[in-house]
Amino acid sequence: MKNLITLCSLALLISSCSSSKKNEHFNLTPTSTDPTVYANTITSAELKELLYTYASDEFQGRETGTEGQKKAVAFLAQQYQDMEVPSPMGDTYFQNVPLEIKGTSQTNISINGKTLTCFVDYAPLGTSSTQHIDGQDIVYVAYGIESEKYSNYNNLDVKDKIVLMKSGEPQNEDGTYITSGTEKPTIWTSGRGARNLKRDVAITKGAKAVIYMDSESFDRVVNYYQKQATKSNHGTMAVQGDGINVPHFIINDMVGKEIYTNILTDNHSKTIEAPVTIDITTESNNINSENVLAFIKGSEKPEEILVISSHLDHEGIKNGQIYNGADDDGSGTVALLEIAEAFKTAVKEGKGPKRSILFLHVTGEEKGLLGSKYYTDFNPVFPLENTIADLNIDMIGRVDDKHTDNPNYVYLIGADRLSTELHQISEATNEKYTKIDLDYTYNAENDPNRFYFRSDHYNFAKHNVPSIFYFNGSHADYHKPTDTPDKIAYDLLETRTRLVFYTAWQLANQEQRIVADKAVQ
C-alpha cells in the first residue's frame, strides 16, 4: 500500500464512531444456497502454504517490471489454471500494462532575464516530457479559481499562454469566503488539492505552462520533490500516455514579486509583460508489466460483474535486501486465490454465482495504483457501468498496535462512500457469519492518512463503482524487508478472507444489484 502514516485526530475518532453503528434493521436478502460449506474451504493451512511461496526470496520482492514480478504473475496464472478457473481474455491470464519510467526532468527557467535556481527559487511539480517553451508575457490569474460563485477567468483567454497564479481564495470584508459563503475555507484555499485543482483548470483552458506561488507550503513541497529527485534510481513510473505533460512549477513569494510586484495584493487577472523561457529535458524508457485476470461466469446475470482485487507487486530489492511483502500485499493475493477456489468449488457442485466474478490481481500499486488505473481508465475488460462493486484486499494478515488486545478486527474503508446498501450488506454479512470487529477509523472523511485514496479500490470508486477496502492497518514491518510470512497471523487471515468471500457471495447472488446512491468523492 502507498506509504504515508500519521496519527488520527480526536475529530477523526468521533467521526469514525458515528459511522460504525450497526444496521439493526437491515436484513440480508436470502440466497438460494448456504455459502458456509464453501467458505470453509478457505483455510489457514492453505493460505500459509501459498504465502510462504509467494512471499519467498524466489520472487525477489515482486517489483513492477522485474524478473521477480514476472515469476509472480506466472505463479498466479498457474494457480488459476490448476483450479480450472479460466481467464476472461481467452488463452492468456495476462492483461499487458504498458508503463514508462521517466527520469527526473532537468529544467532551466529564465524570467525577465534572470535564471532561476531549481529547488531554491522553484520546484517542478511532476515530470514533463522534453520541451521548449517561451513567451513575451505571462497571464496572471490571481487565485486561479473557476467556480459558480467566483471566477478569475472571466473574459480571459489563456490558450497557449504561460499562467501565473497564487494560493488562497478571496474573502469578503466580514471574513467569509466568497466561494463558500461561510467562514469555512474550501478546497481552493491551500494544499496539494488546491494546487492540482487550479492547475487542472488552467490546463483545461489551454495553458501551456503553470506557475503557482505558495510561500506557506513552498519549503515543504520543495523538500519533498528534491528528495524524490535524488533517492530513486528508477525515476517516476506511469502508464504510457498518461499523466500531465503541461509543465507546472511552484515558486515562493520572493520570486512571485519579482515577476509581478503587486502579486500579494492584486486579485484582478491581467497580462503581465515578462519574457519567459522554459527548457525541460527528460529521459524515459518503456517497460511492460501485467495484471492477472481470472473469471467465473455468472449463471443468471453474467453481464453484471463483481470485481475482487488485490495488488501483486511489492518493493523489490533495495541495498541487497529482499522486500518480501508478505502482508503487503501477499496476504491479499493469496486470499484472492482462496476465494476463487471457494467459488469454483460451488460451481462444480452446480451452485455457482448468479453474477460473474472477476478476480483481478493488479500490478504497479506501489508505483501509484498503476495496474488498477490501467484497467479502469484505459482498458476495462468489462464495462465499468456493468461492474456492480469492487472488494479490494490490501494487507489483511497482521495486527496493528491499536488492536493487540483485540486482534479479531479488520478496517473497512469506503463501504458507505458510494452505496448505503453495500455498507449494510457488509455489516449484516459479518454479523451473520464472521463476527469480526469492523473498525471504521480510516473511513472517516477527515482521515489524515487518506487511505481511501491510496489503494486500488479508488480507481473503481472514482468511476462510481461501490467499493470496500479491507485493511489490517500499518505495523512495524510495513514497507521493510522484515515483512515476512512467518509474521502473518494465519487464523486471522483465514477469518478475514472468509468475510470477503461471504460479502462477495451475497453481492453475487442476491436478486437485485446493489445501488450506488451517493455522489463520487
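Taken together, the values in this text are just the output of simple stated rules run on the coordinates, not laboratory data. Fair warning: this is a prediction, and the values are worked out from it, not measured in the lab. Cβ sites come from the backbone with ideal geometry, for glycine too, and all protein chains shown count toward neighbours.
Test of understanding: express the Cα radius of gyration of the stretch 43-151 as a ratio to 2.2 N^0.38 Å, with N the residue count. Mind dumping the intermediate values first?
Details: Rg = 25.1 Å, N = 109, 2.2 N^0.38 = 13.1 Å.
Dividing the Cα Rg of the stretch 43-151 by 2.2 N^0.38 Å gives 1.92.
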Helix 332-348 vs. the chain, principal-axis angle (Cα, 0 to 90°, nearest 10):
40
Whole-Hz Karplus couplings 3J(HN,Hα) for the stretch 368-385, θ = phi - 60° and coefficients 6.51, -1.76, 1.60, Gly and Pro as x, run x, 6, 6, x, 5, 5, 4, 5, 7, 8, 10, 8, x, 5, 10, x, 5, 5
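Report the local net charge at HIS423: Lys and Arg +1, Asp and Glu -1, summed over other residues whose C-beta lies under 9 Å from its C-beta. Don't jump to the answer; show the numbers that get you there.
Working: positive: ARG417; negative: ASP416, GLU421, GLU427.
Residues close to HIS423 contribute a combined charge of -2.
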Match the structure shown to one of the listed values (i) 47, 32, 23; (ii) 44, 26, 21; (iii) 39, 32, 19 of semi-axes √(5λ) of the Cα gyration tensor in Å, computed from it, and give that label.
(ii)
Projected onto the charge dipole of the chain (+1 at Lys/Arg Cβ, -1 at Asp/Glu Cβ, origin at the Cα centre), which of GLN106, PHE469, SER56 gives the Cα projection farthest towards the positive end?
GLN106
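Only Cα pairs under 8 Å and at least 6 apart count here; give the relative contact order of the chain as a rounded whole percent. Before the final figure, lay out the partial values.
Working: 1105 pairs, mean separation 121.7, N = 521.
Once normalised by length, the contact order is 23 percent.
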Placing each pseudo-label 7 Å from Cα in the direction of the beta carbon, ARG450 and THR277 end up separated by a distance in nanometres of 3.6
Additional length obtainable on full extension of the chain from ASP200 to GLN240, 0.36 nm per residue less Cα span:
12.4 nm
Report, ordered by chain and residue number, the lysines lying within cross-link reach of LYS432, taken as a straight Cα distance under 19 Å and ignoring same-chain residues fewer than 8 apart.
LYS21, LYS22
In sequence order, what are the phi-derived ³J(HN,Hα) couplings for the stretch 175-189 according to the Karplus relation 6.51 cos²θ - 1.76 cosθ + 1.60 with θ = phi - 60°, rounded to whole Hz, with x for glycine and proline?
x, 6, 8, 5, 6, 9, x, 10, 7, 8, x, 10, 4, 6, 6
Would you please give the residues with an amide H less than 5 Å from that of TYR122, counting only those at least 5 places away or on a separate chain, with H modeled from the backbone geometry?
THR117
Under 20 Å, Cα to Cα: Lys pairs in the stretch 104-282, sequence gap 8 or more or different chains:
29
Please give the net charge around LEU264, taking every other residue with its beta carbon less than 13 angstrom from that of LEU264, where Lys and Arg add +1 and Asp and Glu add -1.
-3
5 angstrom amide H check on GLU304, placed H, neighbours 5+ away
SER356
For helix 67-83, report the angle its Cα long axis makes with the longest principal axis of the Cα atoms of the chain; keep it between 0 and 90° and round to the nearest 10°.
30
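Counting only other residues whose beta carbon sits under 15 Å from that of PRO466, what net charge do I get with K and R as +1, D and E as -1? The partial results should precede the final answer.
Values: positive: ARG355, ARG417, LYS462, ARG513, LYS518; negative: GLU304, GLU385, ASP390, ASP416, GLU421, GLU427, ASP456, ASP517.
Neighbourhood net charge equals -3.
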Only Cα pairs under 8 Å and at least 6 apart count here; give the relative contact order of the stretch 46-105 as a rounded whole percent.
17
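Given Cα pairs under 8 Å that are at least 6 residues apart, what percent is the relative contact order of the stretch 104-282? Before the final figure, lay out the partial values.
Values: 342 pairs, mean separation 74.8, N = 179.
Normalised by residue count, the contact order of the stretch 104-282 is 42 percent.
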Rounded, prolate or oblate for the stretch 269-340? Axes are the square roots of the Cα gyration tensor eigenvalues, ordered a ≥ b ≥ c, and the cut-off for rounded is a/c under 1.5.
oblate
Residues with amide H under 5 Å of PHE471's amide H, sequence separation 5 or more or different chain, H placed in the peptide plane at 1.01 Å from N; which?
TYR411
Could you work out how far apart the two model spin labels at THR176 and LYS318 are, taking each label as a point 7 Å from the Cα in the direction of the beta carbon, and quote it in nm?
4.9
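For a quick check: sort MET165, MET89 by the number of other beta carbons within 10 angstrom, fewest at the front.
Values: MET165 27, MET89 13.
Ordered by Cβ neighbours within 10 Å, fewest first: MET89, MET165.
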Segment VAL520-THR261, extension gain: residue separation times 0.36 nm, minus the distance between their alpha carbons
89.2 nm
Please list 3J(HN,Hα) in residue order for the stretch 136-145, calculated via the Karplus relation 6.51 cos²θ - 1.76 cosθ + 1.60 where θ = phi - 60°; whole Hz, with x for glycine and proline.
9, 8, 10, 8, 8, 10, 6, 6, x, 9
Only residues of the stretch 90-128 count here: report those whose backbone N is under 14 Å from the spot 7 Å along Cα→Cβ of LYS462, or say none.
none
Given N residues in the stretch 104-282, what is Rg(Cα) / (2.2 N^0.38 Å)?
1.01
Angle between the chain longest axis and helix 420-429 axis [Cα atoms, degrees, rounded to 10]:
30
